[in-house]
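Engineer: Below is a structure I'd like to ask you about.
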Amino acid sequence: EQLGIGGPKQKFNRNVTAIQLLKKIEEENRNITKDEQQVLSEYVGWGGIPEAFDKNNSSWSQEYEQLKNLLTEEEYQNAIGSVLNAHYTQPVVINAMYTALSELGFSGGKILEPAAGVGNFIGCAPENIADRSFFTAVEIDSISGRIAKQLYPESEVQVCGYENAKLRAGTFDVAVGNVPFGDLGFFDKEYGTKQLHDYFFAKTLDKVKEGGIVAFV
């Protein structure tokens, strides 16, 4: 319930701590503890923290160097590219969406989350729905997707762009999440050029069963 509280530097520090722990767990190739789950779940991505990537910002110089040294070049470029779109969804919003789904008659089934981040829509699912559901999550950012895999090993997490996700049409009861919005045209060979959010909606509508529900922020 306290996800994302605090200022930019507090969020930065929690992000870095989560990344350091993720890399340690992967290196040791082991399951994570409950305490480690809590640390990983506090990762909120880089949306709203562009200062961390500004080498000319003297008040963030220490953080800039720390991040450059912590991430691989590919991870770093992914992180920069996520600043505009990677905004975590507050639990109060997620809870309201699940309440609406329940009121629409959904009590469990196959759930798709096409822009999953670290999987907060999985973690916040109420027990009466979670116990009767199987999640398939897609996340383009490597760090976020790998954290989701650690937090929710019972779910299917595909770490790739949504355009490359392996998903069968008409198989999901519900799609839920907070997809990225953007004015720039996004090209996909199946759907042509659309605004980014329109692409997410169009593809998701094809993946949900007839009579299913798409619930997006």
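Engineer: So which of LYS9, LYS55, LYS34 ends up being touching a Phe, Trp or Tyr at 6+ places or on another chain (Cβ under 9 Å), loosely packed, with under 12 Cβ neighbours inside 10 Å and either without any contact (Cβ under 8 Å) to a residue 60 or more places away in the chain or of a type outside the set (D, E, K, R) (or both)?
Structural biologist: The conditions single out LYS55.
Engineer: Same structure, new question: With (1) open to solvent by 40 Å² or more (accessible area, probe 1.4 Å); (2) polar (S, T, N, Q); (3) closer than 17 Å to GLY117 by Cα as the list, and SER41 as the residue in question, which single condition is left unmet?
Structural biologist: (1)
Engineer: Give the residue, chosen from PHE201, PHE172, that is touching a residue at least 60 places away in the same chain (Cβ under 8 Å), among the aromatic types (Phe, Trp, Tyr) and within 19 Å of VAL214 (Cα to Cα).
Structural biologist: Going through PHE201, PHE172 in turn, just one is touching a residue at least 60 places away in the same chain (Cβ under 8 Å), among the aromatic types (Phe, Trp, Tyr) and within 19 Å of VAL214 (Cα to Cα): PHE172.
Engineer: Further, regarding this structure: Do the conditions hold for ILE147, that is, is it on the phi < 0 side of the Ramachandran plot and touching a residue at least 40 places away in the same chain (Cβ under 8 Å)?
Structural biologist: yes
Engineer: If TYR88 satisfies all but one of (1) in a helix (DSSP H, G or I); (2) under 14 Å from the mean Cα position of the chain (by Cα), what's the number of the condition it fails?
Structural biologist: Unmet condition: (1).
Engineer: Moving to a separate point now. Does ALA18 count as touching a helix residue (DSSP H, G or I) at 6+ places or on another chain (Cβ under 6 Å) and either modelled with pLDDT under 95 or part of a helix (DSSP H, G or I) (or both)? Give the steps one after another, and end with the answer.
Structural biologist: Details: touching a helix residue (DSSP H, G or I) at 6+ places or on another chain (Cβ under 6 Å): yes; either modelled with pLDDT under 95 or part of a helix (DSSP H, G or I) (or both): yes.
So ALA18 fits the description; yes.
Engineer: Name the residue, out of GLN66, GLN90, GLN77, that is out of contact with any Asp or Glu (no Cβ under 6 Å at 6 or more places or on another chain), surrounded by 14 or more Cβ atoms within 10 Å (Cβ to Cβ), without any contact (Cβ under 8 Å) to a residue 60 or more places away in the chain and more than 24 Å from ALA202 (Cα to Cα).
Structural biologist: Just a single option satisfies the conditions, and that option is GLN66.
Engineer: Can you tell me which condition ILE25 does not meet? The list is (1) touching a helix residue (DSSP H, G or I) at 6+ places or on another chain (Cβ under 9 Å); (2) in a helix (DSSP H, G or I); (3) under 23 Å from VAL179 (Cα atoms), and all the others hold.
Structural biologist: All conditions are met except number (3).
The values are calculated or read from the model by the stated rules, or taken from the named source; none is laboratory data. Nothing here was measured: the structure is a model prediction, and the numbers come from that model. With ideal geometry, Cβ positions are generated from the backbone for all residues, glycine too; neighbour counts draw on all protein chains shown. Calculation scope for accessible area: heavy atoms of the full protein, side chains included, ligands and nucleic acids excluded. Shrake-Rupley method; radii C 1.70, N 1.55, O 1.52, S 1.80 Å.
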